[in-house]
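Below: the structure, in structure tokens.
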Amino acid sequence: MRIILIGVLGSAAVRRTRILLVALVGLAAVVSGCGGGGGGGGGGRLSVVASFYPLVDAARSVGGDRVEVTNLTPAGVEPHDIELNPRQIDRVAGAALVLYLGGGFQPAVEDAAGQARQAVDLRAGLAGADPGDPHVWLDPTLFAQVVDGLEVALVEVDPAGADGYRARADDYRRRLDELDAEIRAGLADCGRRTIVTAHEAFGYLARRYGLEQVAISGLSPDAEPDPRRLAELADLVGRLGVTTIFTEELVSPRVAETLARETGAGVAVLDTIEGVTGEADDYFSLMRANLAALGMALDCR
Ligand SMILES: [Zn+2]
């Protein structure tokens, strides 16, 4: 908040009335930030809370040095249906901006967002998104729409940083465009098109690039399949000549490994990017690792 106020005072000669208003809004934000648990963020930066990793990556990239982004989902934890402790709820209430995906993906976050000063459901209004399936970040073109919403939210909360937010959002969308073209080319000519995944996270990705997803568990990873479902999957793996059963980083690979053992298929990781485990990884490196894993599994040229 301090940065905004300094910026505002610096341009005071230009438009005094508007500036006074903005300064008052800024002051109100600082005051309510003190009451709500520190909305100013570290080093005077705008405090942004994002509900899980892909939104954290986008918010850090688009926010740049002006924002301090906190992830509500702890490292190594799978984000579906996370519970929030009282400290996290305070953090949501005190942040200048809270970013999440609505529609029942993380109901505790949606509840807490009701207490936030400014909370934005970045899934609302996405063209081409299915209301039942939260995994929009795994289609780069849908994720670009999420970035549109993020840019609007940051500009609204911190108008003094608008030029930077717009430029960095453009850059992030350009990188998503490149990624989309790369995946399209990489999956254009493959021996097979069916992927067997741990949970139903890759529906948008499959739709975008003409693949068929068969998932061991449903849209949320907690439901384990019954023996009948496993037998059906084993049959399908044999019939379609599937060579790879995909597992995830944040969910136990036990069931996938059983299926692989029964069918003679191998096991590989297809990352849902619902959290990040490696220090050097980001959204783009993980998507490219996924492309490589898909290329191997589907015998793409
Ligand atoms: Zn998921």
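The values are calculated or read from the model by the stated rules, or taken from the named source; none is laboratory data. The shown structure was predicted, so the numbers you read here are calculated from the model rather than taken from an experiment. Counting neighbours? That spans all protein chains shown, and the Cβs are built from the backbone with ideal geometry, glycine included. Ligands, DNA and RNA are stripped out before the accessible areas are found, and what is left, the full protein with its side chains, is counted by its heavy atoms. Shrake-Rupley method; radii C 1.70, N 1.55, O 1.52, S 1.80 Å.
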Counting DSSP beta bridges in the chain, what percent are antiparallel, to the nearest 5? 5
Which distance in nm do the two modelled labels at Glu182 and Ser220 give, with both placed 7 Å along the Cα-to-Cβ direction? 3.4
For the range 218-301: rounded, prolate or oblate by the Cα gyration tensor [a/c cutoff 1.5]: oblate
Pairs of Cα atoms under 8 Å, at least six residues apart: use those to get the relative contact order of the range 200-301, whole percent. 20
Compute the Kirkwood hydrodynamic radius of the chain, taking the inverse of the mean of 1/r over all pairs of distinct Cα atoms, and give it in Å to one decimal. 20.6
Below 8 Å between Cα atoms, with a sequence gap of 6+, how large is the relative contact order for the chain in percent? 16
Across Gly203, Gly94, Gly76, the residue with the highest GNM fluctuation in the chain (Cα network, 10 Å cutoff) is Gly76
Return the distance in nm (one decimal) between the two label points of a simple spin-label model at Ala127 and Asp163, each offset 7 Å from Cα along Cα→Cβ. 3.0
Asp148, Asp90, ranked by accessible area, largest first (probe 1.4 Å): Asp90, Asp148
Using the Cα gyration tensor of the range 132-177, with a ≥ b ≥ c the square roots of its eigenvalues, what is the shape: rounded (a/c below 1.5), prolate (a/b larger than b/c) or oblate (neither)? oblate
With a sphere of radius 9 Å drawn around the Cβ of Val67, what net charge do the other residues whose Cβ falls strictly inside it have (Lys, Arg +1; Asp, Glu -1)? 0
So which helices of the chain fit the span-like rule, where a helix is a whole DSSP H run, its Cα atoms reach 24 Å or more along the axis, and its mean Kyte-Doolittle is at least 1.0? 16-36, 140-157
On a full-extension model of 0.36 nm per residue, what is the gain between Asn85 and Glu212, subtracting their alpha-carbon distance, rounded to one decimal in nm? 41.9 nm
For Tyr165, the accessible surface traced by a 1.4 Å probe with all protein chains present amounts, in square angstrom to the nearest 10, to 0
Applying the gyration tensor rule to the Cα atoms of the range 154-230 (axes a ≥ b ≥ c; rounded if a/c under 1.5, else prolate if a/b exceeds b/c, else oblate), the class is oblate
